[in-house]
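Structure record follows, encoded as structure tokens.
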Amino acid sequence: MRFHVVIPSRYASTRLPGKPLLDIGGQPMVQRVVEQACASGADRVLVATDDARIVAAVHDPRDRGAAIALMTDPQLPSGTDRVAAVAEALGWDDDVVVVNVQGDEPFMPPALIEQAAGLLFGDESAGIATLATPVRSMDEFRDPNVVKVIAADNGTALYFSRSPIPFVRDGTAGAAGGRHGFAHAMRHIGIYAYRVAALRHVTSLPPSSLEQCEMLEQLRALQHGMRMLVATCRVLPGPGVDTESDLKRAREIARGSGVESSGDTR
């Protein structure tokens with residue numbers, strides 16, 4: 001199974017300025033993501049960025065002399081567009097599989113990167129694949145910052161939402177604190193594998209109405225009828241970094257404080 005990883009990494013961040021270069025255990029955050037990706041078995045790992053400081057900060061631990069970062073247009077609207085720009089610049093064929101690993105996921109398990117890629121090798125009719133993990137609490141179920149996903153029995157994504165889905169209409173199952181209120185709910189994990197043909201197609205489409213309503217980019221693909229696979233994570237993903245409190249927790253993990261064992265997912 002041969003696949004690539006591209007890590008989109010934008011310097012600007014409203015809540016954490018210069019986020020990719022923030023120190024976590026003596027390394028820039030984005031370099032930690034690189035090392036997780038390199039441990040996944042990917043043929044090639046690249047960082048797609050808009051800033052020369054990020055280019056200078058990253059290296060491939062398997063070959064320190066190899067070029068690993070590509071500059072992309074600062075005006076690109078999303079990480080997905082940066083991944084597509086790399087595929088275009090390097091002339092990747094339509095059937096190449098590339099995994100988009102976000103640059104603020106310093107503890108993304110390599111096994112999940114490999115799993116996402118493997119979904120496309122197991123189903124040639126799909127162009128996109130992603131992962132999810134069970135919702136663990138009613139607070140998480142109701143949190144609009146936690147994206148929920150519903151999939152068909154064949155593993156195809158039906159819908160993503162910030163709302164609590166599936167909604168339990170009858171009885172007491174939806175009562176606050178009741179386990180059954182979120183028994184079938186799945187939390188989306190923001191990692192995507194693409195066939196390059198699907199990546200080119202989705203980034204050529206205008207934002208869809210559902211995408212703009214929920215502010216969820218993945219709905220563009222679904223609304224245009226693209227087939228997206230969803231599988232349950234084989235292992236728990238580690239926490240990402242969006243806020244100062246996330247950064248503090250990440251630094252505690254890097255120091256070996258044991259916080260990582262919480263299995264927190266974002």
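The values are calculated or read from the model by the stated rules, or taken from the named source; none is laboratory data. Only a predicted model underlies this, so the values are computations on that prediction, with no experimental measurement involved. Cβ placement follows ideal geometry from the backbone for every residue including glycine, while neighbour counts extend to all protein chains displayed. Only protein heavy atoms, including side chains, enter the accessible area calculation; ligands, DNA and RNA are left aside. Shrake-Rupley method; radii C 1.70, N 1.55, O 1.52, S 1.80 Å.
Taking the helices alone, the chain has a mean residue ellipticity at 222 nm of -8000 deg cm²/dmol, built from -39,500 (n - 2.57) per DSSP H run of at least 4 residues and averaged over all its residues. When you count the other C-beta atoms within 10 angstrom of each residue and take the mean per peptide, 39-50, 207-218, 64-75 line up highest first as 39-50, 207-218, 64-75.
Heavy-atom accessible surface of the chain, averaged per residue, reaches 46 Å², computed with a 1.4 Å probe.
The antiparallel fraction among DSSP beta bridges confined to the stretch 1-123 stands at about 20%.
By DSSP, the beta bridges lying fully in the chain are antiparallel in about 55 percent of cases. Of 221, 116, 57, the residue with the greatest mean-square motion in the GNM of the chain, using alpha carbon springs below 10 Å, is 57.
Does the stretch 69-122 come out rounded, prolate or oblate by the C-alpha gyration tensor, with a ≥ b ≥ c the root eigenvalues, rounded set by a/c under 1.5 and, if not, prolate when a/b is larger than b/c and oblate if not? It is oblate, given that a/c is not under 1.5 and a/b is not larger than b/c. Among 91, 118, 18, the largest mean-square fluctuation in a Gaussian network model of the chain, built with springs joining Cα atoms closer than 10 Å, belongs to 91. Under a model in which nothing but the beta-carbon of Lys, Arg (+1) and Asp, Glu (-1) is charged, the chain shows a dipole of about 480 debye around its Cα centre. Solvent-accessible area of the chain (1.4 angstrom probe, protein heavy atoms only): carbon and sulfur portion equals 51 percent.
Distance between the modelled labels on residue 43 and residue 63, one decimal in nanometres: 1.3 nm (7 Å Cα→Cβ projection).
Take the Cβ-Cβ distance between residue 255 and residue 142 as r, set R0 to 35 Å, and report the resulting FRET efficiency rounded to the nearest 0.05. For residue 255 and residue 142, the calculated efficiency is 0.60. Per-residue accessible area for residue 195 at 1.4 Å probe radius, Å² rounded to 10? Around 40 Å² of this residue is reachable by solvent.
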